[in-house]
Amino acid sequence: MTKKYIFESLSIAVFLTALSYVIGLYLGWITELNWLEVLAVFTSYSCTWLCTRQSRWNYPVGIMTTALYSVLFYQWGMLALSIFNIYLVFSLIYGWFRWGNDNDTRPVTTIPLVWYSGYAALGLAILGLFLGANVMFNPEGIGVLNPIDVGLAVASGIAQFMLDNKKIETWTVWAGINIVSIPFFLHSGLTLVAFQYVFFLINTFIARRMWKHSMHNKFYSNDHGAVI
């Protein structure tokens, strides 16, 4: 089953990356190829589909994706998202062990009400790290943080932790992130990335439906594991 999901993810990634470029070139959104952007978009498509399929192999692909996006965002002056992608590597390592083997994967659950304050605290902690890092940079240079850039990074950190713990609410948060990301990246000049987030937004509905379905099958258990 794992090989099937990997093949699916690579096939989807090839198709959507090519489709994104064909449409972008046809509409004049893209005038030249940025191969770093192409590779980041390709691995990101693959990683997202593996998440949808609940395959832990999304994590190795995700580490590759974060490394590529970290460099790409830094080149485009998106400091917060660049730093976030470095942090994300550690979160992805955590998620690899948290999910467990695909044949005995952690079940999808919902977030208990008491833990919403914990996720809010996590968001504040991530925000504090960004603000602290900004102080270390020259306020007149790259250290100036775009509030949308920071907001997306903080929200993504919360959503990723939900994903690492297989909480179905993660897809609702990712949907909000995608809605904001589309015009942000389009305005910033990362047209292919912006176009990719349209597919990511569509995928949040697909993924949530598939994860919801799994909750009512053999993987679901109200008493399974930790609740965070």
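Derivation of every value follows stated rules applied to the coordinates shown; laboratory data play no part. None of the values given here were measured: they were computed from a predicted structure. Quick reminder, even Gly has a Cβ in these numbers, built from the backbone with ideal geometry, and neighbours come from all protein chains shown.
Our analysis of the chain gives Rg over Rh at 0.97, with the two radii drawn from alpha carbon positions and Rh computed by the Kirkwood formula.
Per-peptide packing, taken as the mean over residues of other Cβ atoms within 10 Å, places 5-11, 47-53 in the sequence 47-53, 5-11 from highest down. How many angstrom separate the Cα center of segment 108-125 from the Cα center of segment 30-45? Computed from Cα coordinates, the inter-centre distance equals 34 Å. When the Cα gyration tensor is reduced to axis lengths a ≥ b ≥ c, the ratio a/c is 1.5 or higher for segment 32-120, and with a/b not above b/c it is classed as oblate.
With r defined as the distance between the Cβ atoms of Val14 and Leu124 and R0 fixed at 35 Å, what FRET efficiency is calculated, to the nearest 0.05?
That pair, Val14 with Leu124, gives E of 0.30.
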